[in-house]
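Take a look at the structure set out below.
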Amino acid sequence: MALSRNIRIMISSRCDDPLSLDGKKGGPTFSDIRKELKQEIEAQQLFGAPAFEVWINEEAPPQGGTWDSWDTCLNAVKDCDILIALYNGNAGWASEAGDIGICHDELSTAYSTTPDKVRLVALPEIAVDNSAAGKRNQRFQEYVKTQTRFRGGTVKTVDDLKQRVREALREAVVRLAQGGVLEGSRGQYSIGQALDWNRMNFVERQAAMIAVLRDALAQRTGIVLRKPDGQPAAVVDPTTRLFLKLASHEVLFVPDAVPAAMSVAAAREMVGQPFLKDHNYSTAFTNKRGGPVHLIGCHKSITEAQAMKLLGFPDATVVSTPFGVYVADNVQKIQLVLIANCRDEANTRHGVQRFFEWLRQTGEGTLLAQRAAARARIVNSIAKESS
């Protein structure tokens, strides 16, 4: 996006939730308040000229056919100079039970890229329950608690809310004018759970990453839990096989994690070449079950060259994607899904989420399931010869 002459502000919040303030229920919605704030803020002038432009999704222009609403919102997060989050503990919509909500992702993306531009205005939190949405909201509320940033007291009236936004905006303009937005970006991954994960040793961090990957998979629609012998399992434990229904097949996903940069040999060797042990899963492959597909969380970035080195040879399908890198060997039918920047739970879950969105958007899910079925036949043959 071209540089704007005005300061770009994004107001992030739920849309249709009513504001339950002043001790009353059924007040104006967040959308109503955002539209009022946009009108007020854009009316402000600096030396006789407009100084601000406000982005709210209700009035965002349509994008091309390759964009979805999630991409549009995250692009606005990255492009804005100031992000004002009206927080009530509702994570927002998501496609799957184990995913993070759009509000959670917007805030996490902003904190991970340029945390100094974020201003959070706290409203009373909604209650959580044991539903999928309730668990998603609980993850969001726990995430916000880890961001130990001053945000003032909880607002109690609509007038309080608007005044708090004005104060946050003034303070943000002064702060960013003094320090610059680029200087603010130096704080990424240095607070909250990302910092907690950085404090861990390799073994602890790998275990934390794998636990999140397993949980994100276990909560997806179409998941089938099985014991090592292929029989149904009632609970998820370290031995549970995680099969996901894709294109009329059950595909086994095996989570693993590289707990540091791929350039660090000690971290990379903790994963090695996991497909060399695929025959150990042969007892679970009967009927229309296929796999395994190796879902590997990478603590930092991942390149195509690093992915090919992990596979061991270059003649394969290697694709850089929004979530990281996807590798498919069309001869041995090995498949690796490398999720980049698994710095904390939110980023890890979002990476898994983006992988399955990519499968849906590209139609690759059908090909993945076909390769997995072929890989299972190869694995069963190897297991028979090894016995």
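Being free of Cβ contacts under 8 Å to residues at least 40 places away in the same chain, of a type in the set (D, E, K, R) and not in a loop (DSSP other than H, G, I, E, B): is that true of Arg371 here?
no
Regarding Asn347, is this residue among the polar types (S, T, N, Q), open to solvent by 20 Å² or more (accessible area, probe 1.4 Å) and either part of a loop (DSSP other than H, G, I, E, B) or at pLDDT 95 or above (or both)?
no
If I filter region 113-128 for residues that are crowded, with 19+ Cβ neighbours inside 10 Å, under 18 Å from Leu19 (Cβ atoms) and in contact with a Phe, Trp or Tyr (Cβ under 6 Å, 6 or more places away or on another chain), do I get at least one hit?
Yes, some residue in region 113-128 is crowded, with 19+ Cβ neighbours inside 10 Å, under 18 Å from Leu19 (Cβ atoms) and in contact with a Phe, Trp or Tyr (Cβ under 6 Å, 6 or more places away or on another chain).
Kindly list, by first and then second residue, each pair from a residue in region 285-297 that is open to solvent by 10 Å² or more (accessible area, probe 1.4 Å) to a residue that is part of a loop (DSSP other than H, G, I, E, B), limited to pairs with Cβ atoms under 7 Å and residues at least 6 apart or on different chains.
Pairs found: Thr286/Gly230; Lys288/Ser248.
Report whether or not Ile382 is touching a helix residue (DSSP H, G or I) at 6+ places or on another chain (Cβ under 7 Å) and not small (Gly, Ala, Ser).
yes
If the Cβ limit is 6 Å and pairs must be 6+ apart or interchain, which residue in region 339-361 that is at positive phi pairs with which residue that is crowded, with 23+ Cβ neighbours inside 10 Å and modelled with pLDDT under 95?
Asn341/Asn347
Does region 239-265 hold any residues that are open to solvent by 60 Å² or more (accessible area, probe 1.4 Å) and either under 24 Å from Glu204 (Cα atoms) or among the basic types (Lys, Arg) (or both), and which are they?
Thr239, Lys245, Ser263 - these are the residues of region 239-265 that are open to solvent by 60 Å² or more (accessible area, probe 1.4 Å) and either under 24 Å from Glu204 (Cα atoms) or among the basic types (Lys, Arg) (or both).
Can you pull out the residues in region 288-306 that are of a type outside the set (Gly, Ala, Ser) and out of contact with any Asp or Glu (no Cβ under 8 Å at 6 or more places or on another chain)?
Hits for region 288-306 are Val293, Cys298, His299, Lys300, Ile302, Thr303, Glu304, Gln306.
Let me confirm something: among Ala247, Ala267, which residue is at positive phi and in contact (Cβ under 8 Å) with a residue 60 or more places away in the chain?
The conditions single out Ala247.
Tell me, please, whether a residue that is of a type in the set (S, T, N, Q) and within 29 Å of Ile102 (Cβ to Cβ) can be found in region 313-333.
yes
Could you go through region 377-385 and let me know if any residue there is at pLDDT below 90 and among the small types (Gly, Ala, Ser).
No.
Output the residue which, of all residues in region 11-51 that are hydrophobic (A, V, I, L, M, F, W, C) and within 17 Å of Gln163 (Cα to Cα), is modelled with the lowest pLDDT.
Ranking the qualifying residues of region 11-51, first place goes to Leu21.
Residue under question is Glu106, and the condition is that it be under 26 Å from Arg220 (Cβ atoms), open to solvent by 30 Å² or more (accessible area, probe 1.4 Å) and under 13 Å from the mean Cα position of the chain (by Cα); does it hold?
So Glu106 does not fit the description; no.
The values are calculated or read from the model by the stated rules, or taken from the named source; none is laboratory data. Computed from a predicted structure; not experimentally measured. Every residue, glycine among them, receives a Cβ derived from its backbone with ideal geometry; neighbour counts consider all protein chains shown. These area figures cover heavy atoms from the full protein model, side chains too; ligands, DNA and RNA do not enter into them. Shrake-Rupley method; radii C 1.70, N 1.55, O 1.52, S 1.80 Å.
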